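Notes for the one structure printed next.
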Amino acid sequence: MTKTIALLGQPNSGKSTLYNGLTGSHQHVGNWPGKTVEQKEGYFTIDGERYIVADLPGSYSLSAGSQEEEITRAYIASGKADIVCILADASQLRRNLYMLADFAPMRVPAVLILNMMDVAKLQGKSIDTESLSKRLGITVVPFVAADRKKYPELKDILRSEFNNPKKIDTEKLDALCGGAKSEMELANARFQWIEALLDGVVTGEKKRAALSRADRIFTSRRWGKPFSVAVMLLAFVASMIMAVPLMGLGSFIPRLASPLLHRLMQAGHAAPFLESLAADLIPNVVYFAAAMAGFVVGVTFTFTALEETGFLARISYAFDGTMTKLGLQGKSICPMLMGLGCTIGGAAGARVIDNWGQRILTIMLTWAVPCAAIATVMPTLATIFFGAHGILVMLGIYAYMFFMIFITAKIFGNKLSPAAERTGMLMELPPYHRPRWANVLYTSVAKSWDIFKRALRVIFLISVIFWALSFSSTGRAENSIIYRFGMYIEPVTRFFGLGWQTFIAFLASAVSKEAVLGVLNSLYVGTGDVMTATFLSKTAGVSSGNLASVLPEAISKAESLAFMFAVSFNVPCLMAVTATYRETHSLKWTASIALYYIASALVLSFIVYHIAVLIM
């Protein structure tokens, strides 16, 4: 009979590290039944016997004040878990044991794991785990989740617990809480129990020292935000240093595979569309997925390192007041800043946000942040159409970004992050400590491999659809389905200020922003084709000189301005859509976000075009 272990712990207690250490690659990620909260379940085996590990949503209590708390409480009460492992940060034990006090009355077999014992030791603390175990009536395990050598022993301890499961002794807790008439009195009673529980158990504690020089800067009203942004920029550079070479390696896939597949398909006298599908599309789909995975390695590595060192908590603190106005929390600033480099990184970085609704809203707002590709393509077009005044167009795009973030937060904020569930950030800054690089790397590679597998499926499906629409056996856009589609709906696209050519380029920009110049080149200059520009080398062979001589004659300033704004705030790219689905595990919300941005981009195009017609 399969035995089930549930992991329970507050955010930043190291629960994810423990889960990864126990289950390794044997993991499944989905959604809780009827909910939109991520469900993670894995397993490990000992002597052929399988043990299921359920990673319950991180929460600060079991009061059922949010979806995460409601799910966690219901799962424990259901009896699905044979044993609940409660994880507590040994370096901040008093605060972390509140979860234990909240859990104790549920009368479910439990094990208390004191994580980060190494950090507690560096603080000069000594914890008598045997005395604590006797007072609680359950097994207490001193542990360091980042040390992978400790897991065989932990697994043996957990296996032995099934032979003699123990429940927390709640006699003193019940006596203290019995007379509580309000939530405040109940909380005070629980803290009294925690104080009595730890009396004489934790020694060597020092009074909280004055803030370090770094923390005085981080918590400063004047310097906290600039200093945090500087740290994030350094983190972004570090993630790029890791990601770019890995993404570059992926580019060898189509370079090596495409010529070989072309020769094989031609030798077999395959039809042109089959040859294009096998030799052109599939290798590039694999490249897209590999490039995305490479980027995720860099971003995950950076965010995990920031979290382990304690920097992420300080950045969150500095921006919490600002982000709360958008219905978010301080942690949301990190993915949004990362979005300036790449939306994929922003979406992947949102996983550090514990609340599911706030994670979705953060990703949605990150889509509004122009990425590096937009910062590369748009200045080229702005210069072609507006010359020296192109800088004003770019300033307008970035100014609209703030409006888009604000209006999107207003539209979706109460749905995803109800005001009644929002709480201010009351936190104890964790101590600085050196990350365990082996654990950081393992987490990064595991996440990257998972997203590669998922991205491959999603990117392939969407790419095949767009490829089928843009394929032409002659290589000319006029012979493609998308051309006929564009011509057919041009009366509608003209309403938004876009001709059929710019509308096709707008659609291609949802696959890749870098594709825009190549698609315009194929449609207006006549070199290349839409499919190649979209899926292969994108801007290779595109001459800005040729575009500069043709586009201003073919496209009015009003249409060009509408097109630039529409592309800038369209769906970022196909890989960003895949990353969003990976982080939300919700096809409904991923599709909703994509449709929202397509619709809002077209509305923006309509507004910009008709205003531009009046003033230009």
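The values are calculated or read from the model by the stated rules, or taken from the named source; none is laboratory data. A quick note: this is a predicted structure, and the numbers were derived from the prediction, not measured. Virtual Cβ from ideal backbone geometry, glycine too; neighbours counted across all protein chains shown.
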- Is the stretch 241-255 home to any residue that is surrounded by fewer than 19 Cβ atoms within 10 Å (Cβ to Cβ) and farther than 21 Å from C342 by Cβ? yes
- Item | Unmet criterion (only one of (1) under 16 Å from T408 (Cβ atoms); (2) in a helix (DSSP H, G or I); (3) of a type in the set (V, I, T)) for I611 | (1)
- Query: Taking the stated definitions as given, is E49 at pLDDT 65 or above and either surrounded by 15 or more Cβ atoms within 10 Å (Cβ to Cβ) or of a type in the set (A, V, I, L, M) (or both)?
  - Reply: no
- Only one of (1) modelled with pLDDT of 80 or more; (2) crowded, with 16+ Cβ neighbours inside 10 Å fails for A267. Which number is that? (2)
- Mind checking which residues of the stretch 572-593 are of a type outside the set (S, T, Y), surrounded by fewer than 23 Cβ atoms within 10 Å (Cβ to Cβ) and outside any helix (DSSP H, G or I)? H585
- Item | Selected residue [part of a helix (DSSP H, G or I), crowded, with 19+ Cβ neighbours inside 10 Å, not assigned by TED's automatic domain parsing to the domain that holds T590 and not aromatic (F, W, Y)] from A399, A368, A388, A382 | A382
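Give the residue that is modelled with the lowest pLDDT, with candidates limited to residues of the stretch 360-415 that are of a type in the set (S, T, Y) and in contact with a helix residue (DSSP H, G or I) (Cβ under 8 Å, 6 or more places away or on another chain). Before you say what the answer is, go through the steps one by one.
Just the residues of the stretch 360-415 that are of a type in the set (S, T, Y), to begin with: 362, 366, 376, 380, 383, 398, 400, 408.
Cutting the leftovers down to in contact with a helix residue (DSSP H, G or I) (Cβ under 8 Å, 6 or more places away or on another chain) gives us 362, 366, 380, 383, 400, 408.
Values: T362: 92, T366: 94, T380: 83, T383: 89, Y400: 95, T408: 94.
Per the stated criteria, the residue is T380.
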- Determine, yes or no, whether A347 is surrounded by fewer than 24 Cβ atoms within 10 Å (Cβ to Cβ) and in a helix (DSSP H, G or I). no
- For residues that are without any contact (Cβ under 8 Å) to a residue 12 or more places away in the chain and crowded, with 20+ Cβ neighbours inside 10 Å, tally how many sit in the stretch 119-145. 0
- For residues in the stretch 138-149 being among the hydrophobic types (A, V, I, L, M, F, W, C) and in a loop (DSSP other than H, G, I, E, B), which is farthest from K172 (Cα to Cα)? A146
- State all residues of the stretch 91-137 that are touching a helix residue (DSSP H, G or I) at 6+ places or on another chain (Cβ under 9 Å) and part of a loop (DSSP other than H, G, I, E, B); if no residue qualifies, say none. V108, P109, M116, Q123, K125
- Hits in the stretch 153-176 - residues which are in contact (Cβ under 8 Å) with a residue 60 or more places away in the chain and either hydrophobic (A, V, I, L, M, F, W, C) or assigned to a loop (DSSP other than H, G, I, E, B) (or both): L154, L158, F162, P165, K167, I168, T170, L173
- What are the residue pairs meeting all of these: first residue in the stretch 480-495, first residue over 18 Å from A468 (Cβ atoms), second residue not in a loop (DSSP other than H, G, I, E, B), Cβ atoms under 6 Å, and 6 or more apart or on different chains? E490/W500; T493/F503
- Query: What number of residues within the stretch 521-562 satisfy the criterion of being aliphatic (A, V, I, L, M) and either modelled with pLDDT under 80 or in contact with a Lys or Arg (Cβ under 7 Å, 6 or more places away or on another chain) (or both)?
  - Reply: 10
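Return yes when S276 is buried (at least 19 other Cβ atoms within 10 Å of the Cβ), under 30 Å from P435 (Cα atoms) and touching a residue at least 12 places away in the same chain (Cβ under 8 Å) and no when it is not. Outline the logic, then answer.
Details: buried (at least 19 other Cβ atoms within 10 Å of the Cβ): yes; under 30 Å from P435 (Cα atoms): no; touching a residue at least 12 places away in the same chain (Cβ under 8 Å): yes.
No: the conditions fail for S276.
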- Task: Check A88 against each of (1) outside any helix (DSSP H, G or I); (2) of a type in the set (G, A, S); (3) more than 33 Å from the chain's Cα centre (by Cα) and name the one condition it does not meet.
- Result: (3)
- Task: For the stretch 284-292, indicate whether the set of residues that are within 17 Å of the chain's Cα centre (by Cα), under 20 Å from F236 (Cα atoms) and assigned to a helix (DSSP H, G or I) is non-empty.
- Result: yes
- Query: Is it the case that R190 is at pLDDT 90 or above and either out of contact with any His (no Cβ under 9 Å at 6 or more places or on another chain) or surrounded by 18 or more Cβ atoms within 10 Å (Cβ to Cβ) (or both)?
  - Reply: no
